[in-house]
Amino acid sequence: MDTTQPMSQLKEGQDAVVTCLELDGAIRRRLIDLGLMENTPVRCLQKSPWGDPAAYWIRGAVIALRREDSSRILVRPLPGEGGDQPWD
């Protein structure tokens, strides 16, 4: 059974694949322009001390997202530790 969760809940170093963008308007268009869409692999690189914003590795770039936005991006966490995925 596949489980999804908000991208904001990923732990540092955890890998996942995007399953759904529940965003509208300019932020949705901007993230799609950056390559964040369904089936895109992502990794949570670092969270600020209060968890907002967080840095994510997306298609070879580091993108900082506010929790408000990353909580509306659904992902399927991948098994294993960060750094052992095919795109590494």
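The values are calculated or read from the model by the stated rules, or taken from the named source; none is laboratory data. Worth saying up front: this structure is predicted, and the values here are computed from it rather than measured. Cβ placement follows ideal geometry from the backbone for every residue including glycine, while neighbour counts extend to all protein chains displayed.
Tabulated values for the structure
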read-out	value
Scope the range 10-30; condition more than 10 Å from Arg72 (Cβ to Cβ) and touching a residue at least 24 places away in the same chain (Cβ under 8 Å); matching residues	Leu10, Lys11, Glu12, Gly13, Gln14, Asp15, Ala16, Val17, Val18, Thr19
When residues of the range 4-46 are limited to those that are part of a loop (DSSP other than H, G, I, E, B) and under 9 Å from the mean Cα position of the chain (by Cα), the one surrounded by the fewest Cβ atoms within 10 Å (Cβ to Cβ)	Thr40
Residue match in the range 70-85 (condition: outside any loop (DSSP other than H, G, I, E, B), at pLDDT below 95, under 13 Å from the mean Cα position of the chain (by Cα) and not small (Gly, Ala, Ser))	no
Selected residue (criterion: surrounded by the most Cβ atoms within 10 Å (Cβ to Cβ)) from residues of the range 47-65 that are part of a loop (DSSP other than H, G, I, E, B), in contact with a Ser or Thr (Cβ under 9 Å, 6 or more places away or on another chain) and modelled with pLDDT of 90 or more	Pro53
